[in-house]
Amino acid sequence: MIDFELSENIQNMKNMVHMLAENMMRPVARQFDEEEHKEKPWDFINMMWEDSKRRSKARIESQKKPKEGKPERPAENSITFANIIEELSWGDCGLYLNMPGGLGVAAVEAVGTPEQKERFLKRFQEGAPKWGAMAITEANAGSDTAAITATATRDGDEWVLNGEKIFVTSGKSAVVDSEGFVVVWATIDKSAGRAGIKSFIVEHGTPGMTVTKLERKLGIRASDTCTIVFEDCRIPFDNILGSPEVQKKGSTSGFKGVMATFDATRPMVAASALGIGRAAIDFVREELANRGITIRYGISPYRMTSVERDIQQMEANLQAARLLTWRACWMMDQRLRNNLEASMAKAKAGLAVTLVTQKAVELMGPLGYSRDLLLEKWMRDAKINDLFEGTGQINMLIVARRILDYSRDQLK
Ligand SMILES: Cc1cc2nc3c(=O)[nH]c(=O)nc-3n(C[C@H](O)[C@H](O)[C@H](O)COP(=O)(O)OP(=O)(O)OC[C@H]3O[C@@H](n4cnc5c(N)ncnc54)[C@H](O)[C@@H]3O)c2cc1C
């Protein structure tokens, strides 16, 4: 059964990361938001890189069998990571998204063969900071990933990629700023629909892969988001993640493998949402306390002030999202399929943080609207959690399909 008490290990880690968030992230959060694209937050990146190298080694070790004679420690990698992400996003979500590693790494971890994990992930244990981005979205294929038009054509021992990917988080970091890679979704057989879509690893510096645009954004402005064009971009045949076989028309089993990445990453997006939401609530509570207003818990709803009701609703929403997130992570740690729970956590947390930060701005009046404080920034940053890795609507659709046992065609 899931234990709702965090282990001592996680609690210690959480406390340590909180200190880092408070002392290293908060003081520069405004600067990197205002100076979008001017420079990378190298102090933060270098510090996180040291931890990330250690964590990468630990993850690979944890996938091996426990050594004989040694007691097996409870698996808690995902839940630990979710708690770290919550704290970092409490510090600043845009800076947190600069952390080396990234979605491309999660994809290789989720669906790569042992040989691919060794070949592509070893670099995350040594040398200078590196990023692995994930390029799925196209101008006409976001929620509807099956509409992807980028192609991968086999030519002897190589694949040749063509197409344009937009809104790639840390794309420039992976392609230009480091010896990273991009995981690219492309179709190898358009006539096969979803079954023809596969993911491919394209190394930094591969001819034919070019960053063509950096996005200017509403929020998470410290994080780079870019367009990448693939033009006759040749990669080795075994850079395909999963099987190169195309299942028969209508089959989605190959595509499900590709989608498995989201089961690992959606709970982490939810954890990030929790951090921003908590930052906003902490701030409002502190401001109210400074004005001599304390929130009375446990009193009759008839006697509550409207501020007390608002705050308690904000807290309850965030806590409900946290429990869903921890459950999705716990299932991942137990190697249970968490597709439904990952979408539940993401849908709930994305919506909760959007509403919580809006309400926080509202409660604080002009203080909430001022750029002297970070509250307005948190409201801008919050919305992304309801957008990337599947919008709120799409994740709710997945939940509805799974609960009602409807197919994709029955419930669109
Ligand atoms: C800052 C940022 C970073 C990003 N990072 C990445 C990244 O690293 N890699 C990557 O591949 N992509 C990334 N994206 C893209 C993101 O994942 C997509 O924007 C998102 O999936 C939505 O797809 P779309 O833009 O095509 O919107 P659309 O699919 O066109 O959706 C528009 C609206 O319609 C709604 N909608 C669509 N279909 C349905 C339906 N069937 N039922 C109900 N409502 C529906 C959506 O919920 C949304 O509200 C990023 C986006 C942003 C803004």
Counting only protein heavy atoms with a 1.4 Å probe and every protein chain in place, the carbon and sulfur fraction of the accessible surface of the chain in whole percent equals 54 percent
Once Lys and Arg get +1 and Asp and Glu get -1 on their Cβ, which of PRO301, VAL111, TYR406 lies farthest toward the positive end of the dipole of the chain?
-> TYR406
Over what distance in Å are the Cα centres of the range 2-33 and the range 194-224 separated?
-> 29 Å
Could you sort out which of LYS53/LYS383; LYS198/LYS383; LYS198/LYS377; LYS172/LYS217 sit more than 27 Å apart by Cα distance in this structure?
-> LYS53/LYS383; LYS198/LYS383; LYS198/LYS377
Here, trypsin sites (Lys or Arg not before Pro) of the range 1-59 satisfying both criteria (DSSP loop; at most 11 other Cβ within 10 Å) are LYS38
Amide H proximity to GLU138 below 5 Å, modelled H, separation 5+ or other chain, gives ILE166
Rounded to the nearest Å, what's the spacing between the alpha carbon centres of the range 154-181 and the range 346-412? Just the number, please.
-> 29 Å
Amide N of the range 331-364 lying under 18 Å from the label point, which is placed 7 angstrom from the Cα of LYS14 along Cα→Cβ | 331-333, 349
Which value, to two decimals, describes the C-alpha radius of gyration of the range 344-391 once divided by 2.2 N^0.38 Å?
-> 1.19
Where Rh is the Kirkwood radius over Cα pairs, Rg/Rh for the range 274-335 | 1.12
Which three lengths, in whole Å and largest first, does the range 129-251 cover when its Cα atoms are put on their principal axes?
-> 44, 30, 21
Length-normalised contact order of the chain in % [C-alpha pairs under 8 Å, at least 6 apart] | 16 percent
Over the chain, average the accessible area per residue using a 1.4 Å probe and give it in Å², no decimals.
-> 48 Å²
What is the log10 of I(q)/I(0) for the chain, computed with the Debye formula using one identical point scatterer on each Cα and no solvent, at q = 0.10, 0.12, 0.14 Å⁻¹?
-> -0.68, -0.99, -1.33
Simple Cβ-charge dipole of the chain, Lys/Arg +1 and Asp/Glu -1, about Cα centre, in debye nearest 20 = 880 debye
What value, in deg cm²/dmol to 500, does the helix sum -39500 (n - 2.57) over DSSP H runs of n ≥ 4 give at 222 nm once divided by the residues of the chain?
-> -16500 deg cm²/dmol
Sorting ILE276, ASN77, ALA192 by the position of each Cα along the dipole of the chain (Lys, Arg +1; Asp, Glu -1; all at Cβ), the one nearest the positive end of that ordering is ALA192
Give or take rounding to whole Å, what are the principal axis extents of the alpha carbon atoms in the range 1-58, in descending order?
-> 47, 24, 19
Kindly rank 310-320, 383-393 from highest to lowest mean number of other beta carbons found within 10 Å of each residue.
-> 383-393, 310-320
Hull shadow area, averaged, the range 227-356 [alpha-carbon convex hull, nm²] | 13.3 nm²
Rounded to whole Å, √(5λ) for the Cα gyration tensor eigenvalues of the range 297-374, largest first, gives 30, 18, 8
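The values are calculated or read from the model by the stated rules, or taken from the named source; none is laboratory data. What you see is a predicted model; the values in this text were computed from it and never measured. Reconstructed Cβ throughout: ideal geometry from the backbone, glycine too, with neighbour counts over all protein chains shown. With ligands, DNA and RNA removed, areas are computed over all heavy atoms of the protein, side chains included. Shrake-Rupley method; radii C 1.70, N 1.55, O 1.52, S 1.80 Å.
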